[in-house]
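The values are calculated or read from the model by the stated rules, or taken from the named source; none is laboratory data. Values in this document were obtained by computation on a predicted structure and should not be read as measured data. All Cβ positions, even for glycine, are placed from backbone atoms using ideal geometry, and neighbour counts span all protein chains on display.
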Amino acid sequence: MSTKGSMGSQIVTDPPKGTRDFPPEDMRMRTWLFNNFREVSRLFSFEEVDFPMVESEELYTRKAGEEIVGQLYNFEDKGGRKVALRPELTPSLARLVLQKGKAQVFPLKWFAIGQCWRYENMTRGRRREHYQWNMDIIGVPGVEAEAELLAAIVMFFERLGITSKDVGIKVSNRKVLQAVLEKYEIQADNFAPVCVIVDKLDKLPRDVIESELAKINVPSEAIDGILKALTLQSFDDLEALIGAESGAVGELKQLFALAEGYGIQDWLQFDASVVRGLAYYTGTVFEGFDKDRKLRAICGGGRYDRLLSTYGGLDTPACGFGFGDAVIVELLKEKKLLPKFPHVVDDVVMALEDSLKIKAAGVAAQLRKSGRVVELVIEKGKKMRW
């Protein structure tokens, strides 16, 4: 929509395509959602961090070939530096860990809530900007870290009234696909591109996936084997394919055993088709999904033990997840679980005569000092909200 300015020129009043305004009623909802993100993080003893909205472009292009590189809002600043609006938070976290270096006491348990930007096709729950809640554990090599993160996600869902009948979390391990590629003698350099392609299995027809794999020189026999492996949904079938001694099998079994200890086993299901599209994942991967299949992934994450070495540091065990604000709000609307967010005022103070305005201001000031939310009516004759 556009409107005329004071000089008669036309201005567009809608925000740029794919972005949002947050008028008061939407801002109250966003604050409520973020408060729940923060409270769950606090209960799990995570510390909050934040990062610049603009980062060095190299932070995202260091690993070539990722789809996310083509979705960057990137530009050259006035100093000639190539920068980008952050498309996700994990690379910024890795940079900060490297910056702090040995001054940190590991393990680190950090969380962040930040705005992210990607120039991509929009669908329900997918915009070109969104806010994302990340929780990350740095310095723990075992799946105990993944179990802790999954328990945090489940606690968040439960706080909002969402149950395991509404939402599930698919869990797999990148080492499953790695074992299959090794079986067919596929070069290690092809592992990340294969992950990016097969991550689109639920979005693209099988023949398109097969064609994309063929383009990166994956033999037809291997393509059949890969796609068959990604249909596995039981540990017995997984063991039959890659062997009980596989690291992936052991890690998955241990993770699901820990889930029972947390009491979250009803939320989890093994699904080998989950690989996640980002190249930095190395082990456990998972995605939250709505069981009615009306929405895209609600959240996702996994283990990324080699991300810090990509940026010049040492290999460091790490795992985390990202949880966007847009899809969860759509789900809450779908399930009629989104609360009302009225503007709450404790007291309204109004001077009935002009001579009482000073006293009214004093009354409002005293009430506010005591912690009351006060609306001071500063102009008579206007339509009242109360």
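Annotation note: Cβ proximity below 7 Å between a residue of region 39-61 that is without any contact (Cβ under 8 Å) to a residue 24 or more places away in the chain and a residue that is among the aliphatic types (A, V, I, L, M) and assigned to a helix (DSSP H, G or I) (sequence gap 6+ or interchain) occurs for THR61/VAL69.
Per-residue answers, yes or no, for (1) closer than 19 Å to GLU334 by Cα; (2) of a type outside the set (Ser, Thr, Tyr); (3) modelled with pLDDT under 95:
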| residue | (1), (2), (3) |
| --- | --- |
| GLY114 | no, yes, no |
| ARG126 | yes, yes, yes |
| ILE137 | no, yes, no |
| PRO141 | no, yes, no |
| GLU144 | no, yes, no |
| GLU148 | no, yes, no |
| ARG159 | yes, yes, no |
| ALA179 | no, yes, yes |
| TYR184 | no, no, yes |
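Yes/no matrix, rows are residues, columns are (1) buried (at least 16 other Cβ atoms within 10 Å of the Cβ); (2) closer than 30 Å to GLN104 by Cβ:
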{"residue": "LEU295", "(1), (2)": "yes, no"}
{"residue": "GLY312", "(1), (2)": "no, yes"}
{"residue": "ASP315", "(1), (2)": "no, yes"}
{"residue": "ALA318", "(1), (2)": "yes, yes"}
{"residue": "PHE323", "(1), (2)": "yes, yes"}
{"residue": "VAL327", "(1), (2)": "yes, no"}
{"residue": "GLU330", "(1), (2)": "yes, no"}
{"residue": "LEU338", "(1), (2)": "yes, no"}
{"residue": "VAL344", "(1), (2)": "no, no"}
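When region 1-36 is filtered for residues that are at pLDDT below 95, of a type in the set (Ser, Thr, Tyr) and either surrounded by 10 or more Cβ atoms within 10 Å (Cβ to Cβ) or closer than 23 Å to THR123 by Cα (or both), the ones remaining, listed by number, are SER2, THR13, THR19. For first residues located in region 142-167 and under 20 Å from ARG303 (Cα atoms), partners that are aliphatic (A, V, I, L, M) and in a loop (DSSP other than H, G, I, E, B) and lie 6+ apart or on another chain with Cβ distances below 8 Å form the pairs LEU150/ILE264; ALA151/ILE264; VAL154/ILE264.
With the structure loaded, tell me whether ASP189 is part of a helix (DSSP H, G or I), modelled with pLDDT of 90 or more and of a type outside the set (S, T, N, Q) or whether it fails that test. The answer is no for ASP189.
Taking the criterion of being part of a loop (DSSP other than H, G, I, E, B) and under 14 Å from LEU33 (Cα atoms), no residue of region 107-133 qualifies. Would it be correct to say that LEU232 is of a type in the set (A, V, I, L, M), farther than 20 Å from ALA272 by Cβ, surrounded by fewer than 22 Cβ atoms within 10 Å (Cβ to Cβ) and in contact (Cβ under 8 Å) with a residue 40 or more places away in the chain? It is false that LEU232 is of a type in the set (A, V, I, L, M), farther than 20 Å from ALA272 by Cβ, surrounded by fewer than 22 Cβ atoms within 10 Å (Cβ to Cβ) and in contact (Cβ under 8 Å) with a residue 40 or more places away in the chain. Note on region 241-270: residues that are within 20 Å of the chain's Cα centre (by Cα) and either part of a helix (DSSP H, G or I) or of a type in the set (D, E, K, R) (or both) total 1.
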